[in-house]
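Novice: Have a look at this one before I ask anything.
The values are calculated or read from the model by the stated rules, or taken from the named source; none is laboratory data. Owing to the predicted nature of the structure, the values given are computational and were not obtained by experimental measurement. Here the Cβ positions follow ideal geometry from the backbone for every residue, glycine too, while neighbour counts run over all protein chains shown.
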Amino acid sequence: MISPLLGMHMANELLSVPIAGLTLVIAVAAVAIAALRARRLATDDRLPLMGVMGAFVFAAQMINFSLPGMPGTSGHLGGGVLLAILMGPAAAIVTMTAILIVQCLLFQDGGLLALGCNIINMGVVPSLIGWWFYRLLLGPPSRAAAWRQYLAAWLACVAGVTAGAALVPVQAAVSGVLQVPLSHFLGVMIGVHLIIGLCEGGLTFAVIAYLRRVRPELMGLDPSGLPASVRRPGFGAVLVSLLVTALLLSGVISWFASSLPDGLEWSYRGHGYGTTGQAVENRSPAVAAVDRWQSKWSPLTDYTRRETPLGQAPGEGTAESASGWPQPDGWSSLAGILGTVVTLSLVYGAARVMRSTARA
């Protein structure tokens, strides 16, 4: 019996071991190439931006929101397109990889076997597709009007998020675990994530609008064209504001997140496919073993206090069901703040390593 879906990302049960291994190899190669290309960013004064934006996206992903017109399901920021717009697709891929590793290892958010798929689906594909759409629609950034930049970012989010989501049914089908026609699962995933992409576009719009006003050079604009009366905060002040926002999102605003299943979980667990009882079935002992190992050694499973000591399998039926909204939870706040700080440190450390290798 495979354990329940792990958090917001792709779970082990959606993959066979060979496909998990193959996608991990592809993901490692993609991240290695991205790290080499991102070294140029790590040599300028925007190096801290990678760490702060990584922390911001980690925190924002904790905030699930109910989807309009889709009762019973929710969505959350992916962040890959936003990172690609601000830092380029290479740095975005490296940053998203660090976020996904922290979520997987510390919080059991995403299966360990599925880590390669999650990096591809949430990092590589949205960053590349979103960046391509954004630049295609935007034209020269220095001459782009504000409305054009916002529209380009919005549509880039829709394209990037949907493209990444469309890979999940294909990966599950190739793994041989789908119990429904691929076309059915694919249609539902694309439909749900089109709505999620539209919502993510709104959040991305808000961040871009803020940065366009306070640090237009991050958006490819010439700050000398601003009126002299406009006083812009220093780069450090902008980074601090983003970091403080990330800590508030993970530590407090996360109490108000929707408890409904996210789009992926709903698509294969909550959505009905005719008379089929379940959309996915995986009887692999290896997958079950990885699930058990991950549940034993995840320090703060599902962003809250463990039911059992580290190294001991959690008991069944011992967790208290959450009720009411919002849900103030000190352990959830601790997990969110810890994850934000760890992500910041990991991404910033990786950026410093890339800078040192670029100078060598």
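Novice: Can we say residue 297 is modelled with pLDDT of 85 or more and closer than 21 Å to residue 10 by Cα?
Specialist: Spelling it out, residue 297 is indeed modelled with pLDDT of 85 or more and closer than 21 Å to residue 10 by Cα.
Table: residues versus (1) of a type in the set (A, V, I, L, M); (2) modelled with pLDDT of 85 or more; (3) surrounded by 13 or more Cβ atoms within 10 Å (Cβ to Cβ); (4) over 19 Å from the mean Cα position of the chain (by Cα).
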{"residue": "218", "(1), (2), (3), (4)": "yes, no, yes, yes"}
{"residue": "227", "(1), (2), (3), (4)": "no, no, no, yes"}
{"residue": "231", "(1), (2), (3), (4)": "no, no, no, yes"}
{"residue": "234", "(1), (2), (3), (4)": "no, no, no, yes"}
{"residue": "240", "(1), (2), (3), (4)": "yes, yes, yes, yes"}
{"residue": "245", "(1), (2), (3), (4)": "no, yes, yes, no"}
{"residue": "257", "(1), (2), (3), (4)": "yes, yes, yes, no"}
{"residue": "262", "(1), (2), (3), (4)": "no, yes, yes, no"}
{"residue": "269", "(1), (2), (3), (4)": "no, no, yes, yes"}
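Novice: Moving on to the next point. Is it fair to say residue 77 is over 22 Å from residue 351 (Cβ atoms), touching a Leu at 6+ places or on another chain (Cβ under 8 Å), outside any helix (DSSP H, G or I) and in contact (Cβ under 8 Å) with a residue 40 or more places away in the chain?
Specialist: In short, no.
Novice: Right, here's the next one. If you check 60, 29, which single one turns out to be without any contact (Cβ under 8 Å) to a residue 24 or more places away in the chain and part of a helix (DSSP H, G or I)?
Specialist: After ruling out the rest, the residue left standing is 29.
Novice: Can you tell me which residue among 41, 24, 82, 86 is assigned to a helix (DSSP H, G or I), modelled with pLDDT under 90 and surrounded by 17 or more Cβ atoms within 10 Å (Cβ to Cβ)?
Specialist: 41 is the lone residue from the list that is assigned to a helix (DSSP H, G or I), modelled with pLDDT under 90 and surrounded by 17 or more Cβ atoms within 10 Å (Cβ to Cβ).
Novice: While we're here: Please go through segment 114-166 and pick out each residue that is over 17 Å from the mean Cα position of the chain (by Cα) and not in a helix (DSSP H, G or I).
Specialist: Those that are over 17 Å from the mean Cα position of the chain (by Cα) and not in a helix (DSSP H, G or I): 139, 140, 144, 145.
Novice: Identify, please: which residue in segment 192-216 is surrounded by 16 or more Cβ atoms within 10 Å (Cβ to Cβ) and among the small types (Gly, Ala, Ser) and is, among those, nearest to the chain's Cα centre (by Cα)?
Specialist: Top of the filtered list is 197.
Novice: Taking the condition touching a Ser or Thr at 6+ places or on another chain (Cβ under 7 Å) and among the polar types (S, T, N, Q), does residue 66 pass?
Specialist: yes
Novice: Right, here's the next one. Suppose the filter is more than 25 Å from residue 186 (Cα to Cα) and surrounded by 24 or more Cβ atoms within 10 Å (Cβ to Cβ); does residue 98 pass it?
Specialist: The answer is yes for residue 98.
Novice: Any idea which of 197, 187, 164, 176 is modelled with pLDDT of 90 or more, of a type in the set (Gly, Ala, Ser) and touching a Cys at 6+ places or on another chain (Cβ under 6 Å)?
Specialist: 197
Novice: If you check residue 16 against the conditions, is it small (Gly, Ala, Ser) and in contact with a strand residue (DSSP E or B) (Cβ under 8 Å, 6 or more places away or on another chain)?
Specialist: For residue 16, the condition - small (Gly, Ala, Ser) and in contact with a strand residue (DSSP E or B) (Cβ under 8 Å, 6 or more places away or on another chain) - is not met.
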